[in-house]
Amino acid sequence: MTITQTLKAAAIECLHSLYASHFKDTDFQVNQTKPEFEGDYTVVLFSLVKNLKKSPEILGNELGTGLINKYPGVFTNFNVIKGFLNLGVSSKFLFQFLDDNYQDTGYGKQPSNGKTVMVEYSSPNTNKPLHLGHLRNNFLGWSVAEILEADGSKVVKSCIVNDRGIHICKSMIAWKHFSNGETPQSTHTKGDHFVGDYYVRFNDAHKKQVEELMNSGLTADAAAKQAPLMEEAQQMLLDWENGKPEVVELWKRMNGWVYEGFNETYKRIGSDFDKTYYESDTYLLGKDLVQEGLKNGILYQKDDGSVWIDLTSDGLDEKLLLRADGTSVYITADLGLADQKYNQYKPGKSIYVIGDEQLYHMKVLKLICKKLGMPFADGIYHLSYGMVELTTGKMKSREGTVVDGDDLVEEMTETAKHHTEELGKVKDFNEVELKELYEILGLGAMKFYVLRVDPKKRMIFNPEDSIDFHGYTGPFIQYTYARIQSILKKIETGKLAFTTAPAGESDEVNHRGGENENLPLTALERELLLLLENYPNMIAEAAAELNPSVVANYVYNLAKTFNSFYTEHSVANAENEEKKQLRIRISGMTTNVIKSSMQLLGIRVPQRM
RNA sequence: GGCCCCGUAGCUCAGUGGAUAGAGCAACAGCCUUCUAAGCUGUGGGCCGAACGUUCGAGUCGUUCCGGGGUCACCA
């Protein structure tokens, strides 16, 4: 149990034995004590005062005394200011905590809770390369999956590739018309970019045709539909659905190029999936569910044969599920895929990492599943995130106004290279080591930049300003890690003696006895220990909120506190041997927690930088 | 127009109903003969979009309004 959990339970118990009261842990608050007051943790008494009809001073003193008597190994002192009971955590307890955990690289990870969670993310279209928005999606999805796993869930990462539809046909038509048989290989172009270029070419050419048609008197809508290129694309879509060999052949070929490109990007940014679904396999799913719903009278059919669900009693609209010709729409396929996922993995929770533009769609999907009596309906959760916009406006693939994912990654590693060369600290690194370092730093800066922000907030990115490497950033934390490594390396080289006997167990100086007169903790040592102690709580919170920014905030705080500690105190030249051993342990545990926190964000840490 | 999200320092963002609202960037002033200065220490900078309400207490909860965005397809 962590201190916070202990304190809550202990307070409830004390209050019960003092006043025969029955409080729940939601009836009062436990906070970290503000730095300007003495103490480590604070019980806020106001809500209790009312119930018990006692003055805050009396209640605070009685509860404080009770807690110290009952848990002398955890709490040692207290003070009451206004309605706040501030408790000091025993140094002995912190020493014990450190001894128990400083070597545990898996510290903070929870044992299995028996739950299975699916996280669907990335979900790209195969007609264009990934841009900054997709990267946010990937980083979020990956990180949330890691966090849930650390919290004890079994996680299945999935991806639905949108590999069919009119948008794919547009790239195919453009390639047929304009390529002269060029391929990614012949042009030395990454496959997804190659295909994306043809998508843009289609739109440019189509736009010209529309203009011509509008000049001859057609409305914009009619012109867009009747433009020869669009008619060709529509015909191609029909041919694809009918399995026309040459169309299917081309489709496979071009999608193959795109996958090659995607895989390269995924590999570089460290995204992967346990299960990939393809829309070409799933777009016909869901029809049987619709038929069943029709039988049960949950859905209804209009005169033209189309099938609908009435959601007006829930404040939404009527929603189409099957067209008059029997073909399905987007939401029908989603329904079918959700059903398939459930049958395959039986997740208790199914998280969809999708932009907030689809809030309505996901709300409708969940509601329909509920109405159809699907067992997985309540487990559907839309983890929505804000769109990424540029200072110059929205990103639009069709118009080419996007921050390309690959370009940005490349730019970041270049920046990392630039900073590294300027500082000149790793001149002994070889080519391979340098390249590795630039990737770690560049991607670290980028991922941290994206993940430190609350997912639901939309992000505005200025392509002119490069992502920072100082302050509240990934490299700042990576730097802290590297610094600690260089201390710990002194042990390996014999420059720093590390005794494995737990701190405080030597006979001469037994600081565990009383209130450690012999080895008082400095403010920064104490602060670090309390932060480390709180790591499991932080994971639980991040998991409950499905929010990586909780982790980003935490690990930044830890690194920042360590940097102050590092400047204030020496490890190798500590005041005495006891302090030295204590600080080695604190340093070691801090690196472990930094590393595993960063892992939760999908960010690697370097040994040197 | 209906519904949803956002509004906190010049900028980017933190802030489970609790004590004097915090970081980073940018600006300014210091700190490398000591474990990595991608660091540390300090200064300045705020009617927390507005008003009313709920209560011992509101940046946080409620209502209304203002500003920004999203969405309301037989598109995906």
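Descriptive notes on the structure:
- Helix A:330-345 and the long axis of chain A differ in direction by around 50°, with both axes built from C-alpha atoms.
- Against the main long axis of the alpha-carbon atoms of chain A, helix A:91-101 sits at an angle near 50°.
- For the pair region A:104-158 / region A:258-299, the C-alpha centres are spaced 17 Å from each other.
- Dipole magnitude of chain A about its Cα centre (Cβ charges: Lys, Arg +1; Asp, Glu -1), debye to nearest 20: 840 debye
- Between 0 and 90 degrees, the angle of helix A:228-241 with respect to the longest Cα principal axis of chain A falls at about 70 degrees.
- Using bins of 20 Å that start at zero, the share of Cα-Cα pairs per bin across chain A amounts to 16, 41, 29, 12, 1, in whole %.
- Antiparallel %, DSSP beta bridges [both residues in chain A], to 5: 50 percent
- Annotation: the residues A:M446, A:M598, A:M374, sorted from fewest to most other C-beta atoms within 10 Å of their own C-beta, follow the order A:M374, A:M598, A:M446.
- In region A:1-121, the ratio of gyration radius to Kirkwood radius, Rg to Rh, stands at 1.06 when only Cα atoms are counted.
- By other beta-carbon atoms within 10 Å, ranking A:L383, A:L320 with the fewest at the front produces A:L320, A:L383.
- Ordering A:Y385, A:Y360 by the number of other Cβ atoms within 10 Å of each residue's own Cβ, fewest first, gives A:Y360, A:Y385.
- Annotation for region A:25-117: GluC sites (Glu not before Pro) lying in DSSP loop with at most 15 further Cβ atoms inside 10 Å of their Cβ are A:E36, A:E38.
- Coil-residue GluC sites (Glu not before Pro) of region A:566-609, DSSP, other Cβ within 10 Å capped at 13: A:E575
Every read-out reported here was derived from the displayed coordinates using simple, explicitly stated rules and does not represent laboratory data. Given the structure is predicted, the values throughout are model-derived calculations rather than measurements. Neighbour counts run over all protein chains shown; Cβ positions are idealised from the backbone, glycine included.
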